[in-house]
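Beneath this line is the structure, given in structure tokens, with notes to follow.
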Amino acid sequence: MIPYTILLNLSGGEQVASAKKLIDKMQRQPHGIRYEEAKKVLESIGYQVTTKNGSHRNFRNAMGDLLTIKEDTPTIKKHYVDKILTCLPK
């Protein structure tokens, strides 16, 4: 299990709990993650949407790391979830 005790950009315990639950869901069920859930997790660890190009969204953090996710419906592909999980703080 990936530790995720340091979640950034959150105000209030409900949002922290929500992000932790989504991360757990990503680890258990990587094929069933919606774009909005992935976006919420990325924003909780300091990423922001910088550009939108068609259905692709580019996220950057304060250090300039880039992560691109395609906004698929109903769920995003597993390899995008894997990329998000590798971005989580250790």
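Go through the stretch 56-84 and give me each residue that's within 18 Å of residue 36 (Cβ to Cβ) and in a helix (DSSP H, G or I). Working first, answer last.
Here is the first cut: in the stretch 56-84, the ones within 18 Å of residue 36 (Cβ to Cβ) are 56-59, 67-78, 80-81, 83-84.
If the condition is that a residue be within 18 Å of residue 36 (Cβ to Cβ) and in a helix (DSSP H, G or I), then 78, 80, 81, 83, 84 are the ones that fit.
Tell me, yes or no, whether the stretch 39-50 has at least one residue that is outside any helix (DSSP H, G or I) and more than 22 Å from residue 20 (Cα to Cα). Among the residues of the stretch 39-50, at least one is outside any helix (DSSP H, G or I) and more than 22 Å from residue 20 (Cα to Cα), which makes the answer yes. When the residues of the stretch 23-73 are filtered to those that are within 12 Å of the chain's Cα centre (by Cα) and hydroxyl-bearing (Ser, Thr, Tyr), the one that is surrounded by the fewest Cβ atoms within 10 Å (Cβ to Cβ) is 68. Here 49, 41 are screened, and the one residue that is at pLDDT 95 or above, at negative phi and out of contact with any helix residue (DSSP H, G or I) (no Cβ under 7 Å at 6 or more places or on another chain) is 49. Residues in the stretch 76-90 that are farther than 18 Å from residue 20 by Cα and either basic (Lys, Arg) or modelled with pLDDT under 95 (or both): 77, 78. For the structure I just gave you, tell me whether residue 16 is part of a helix (DSSP H, G or I), at pLDDT below 95 and in contact with a Leu (Cβ under 6 Å, 6 or more places away or on another chain). So residue 16 fits the description; yes.
The values are calculated or read from the model by the stated rules, or taken from the named source; none is laboratory data. All values reported here derive from a predicted model rather than from experimental measurement. All Cβ positions, glycine included, derive from the backbone under ideal geometry; neighbour counts span all protein chains shown.
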